[in-house]
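Written below as structure tokens is the structure these notes are about.
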Amino acid sequence: MSTALRDALKNNTKLWAASCCPRVSVDIGQAVYGRVMDDRSPTTLTAASSRMQMAAAIGFGGSQSETAVWHLQTAPAIHHFVLVAWYDTAAGEQSYTIFMAFEAPNPPVQGRIGYNFRQYVQNSMVPQLSRGYRDKWTVTEVMAMLSDLFASDVAWGQYFQPGARDTVNSITCYKYDVISVDKAIRNVNNY
């Protein structure tokens with residue numbers, strides 16, 4: 001059961017079509033909860049945020065049979081991505097999967113590519129992200145990603161858009177409601 005929600009999301013053909021970053025948070029929210037979720041009660045992280053503040057922003061706190069979705073948005077360079085919490089029973093730890101897409105620039109810009117949700121989860125964009133999709137992220141790894149994004153403009157190209165360099169001064173986190181994994185899987189399968 002620990003990986004069933006993650007796999008249902010990454011294999012959902014309707015989600016595959018999401019080709020711009022804000023669409024992923026809307027679509028995953030609707031798929032998991034059965035309705036579009038509201039971005040409310042944000043927590044904003046900056047380079048000055050402590051590890052405790054970062055951990056609190058992405059902390060789950062639900063039971064092993066529950067999940068939640070976070071919509072994260074960077075600024076001033078704008079990118080939206082999603083965290084989905086799940087419990088790894090084999091490792092005995094809270095885990096996450098990160099989902100995203102990136103809209104192709106129109107008109108095209110040298111060195112800037114776009115990719116859809118499917119290309120992201122299959123690591124099939126060209127060129128590939130050096131720190132792209134992985135099935136599982138630990139809390140420590142998600143916190144390291146957020147810290148990397150604040151520390152260096154090179155991190156943008158590693159996590160979001162190959163070869164690009166953009167500055168991240170803040171990351172706004174919107175945590176959606178806790179929901180049972182079983183209900184979330186049913187919702188995703190019906191999406």
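With a cut-off of 9 Å between beta carbons, the residues surrounding LEU15 carry a summed charge of +2, where Lys and Arg count +1 and Asp and Glu -1. Ordering 45-52, 106-113 by mean Cβ neighbour count within 10 Å, with the highest value first, yields 45-52, 106-113. Label-to-label distance, GLU93 versus VAL109, with points set 7 angstrom from Cα along the beta-carbon direction: 3.6 nm.
Determine the gain in length on full extension of the stretch ARG131-ALA75; use 0.36 nm per residue of separation and subtract their C-alpha separation, reporting nm with one decimal. Intermediate values should be presented prior to the final figure.
Values: separation 56, 0.36 × 56 = 20.16 nm, distance 1.98 nm.
Result: 18.2 nm gained on full extension.
Residues GLU141, GLU103 ordered from highest to lowest accessible area at a 1.4 Å probe: GLU103, GLU141.
Count Lys and Arg as plus one, Asp and Glu as minus one, and take only other residues whose Cβ is under 9 Å from that of THR97; the net charge is then +3. Convex hull volume of the C-alpha atoms in the chain, normalised per residue: 108 Å³. With the simple spin-label model, which puts each label point 7 Å out from Cα in the Cβ direction, the SER124 to ALA47 separation comes to 3.8 nm. For segment 55-87, backbone nitrogen atoms closer than 20 Å to the point 7 Å from THR167 Cα along Cα-to-C-beta are found at 73-80. Overall, segment 41-173 carries a charge dipole of about 220 debye about its Cα centre when +1 sits on the Cβ of Lys and Arg and -1 on the Cβ of Asp and Glu, all other atoms neutral.
The values are calculated or read from the model by the stated rules, or taken from the named source; none is laboratory data. These numbers were taken from a predicted model, which means no experiment stands behind them. Neighbour counts are summed over all protein chains in view; Cβ atoms, including those assigned to glycine, are modelled from backbone coordinates with ideal geometry. Heavy atoms of the whole protein, side chains included, go into the accessibility calculation; ligands, DNA and RNA do not. Shrake-Rupley method; radii C 1.70, N 1.55, O 1.52, S 1.80 Å.
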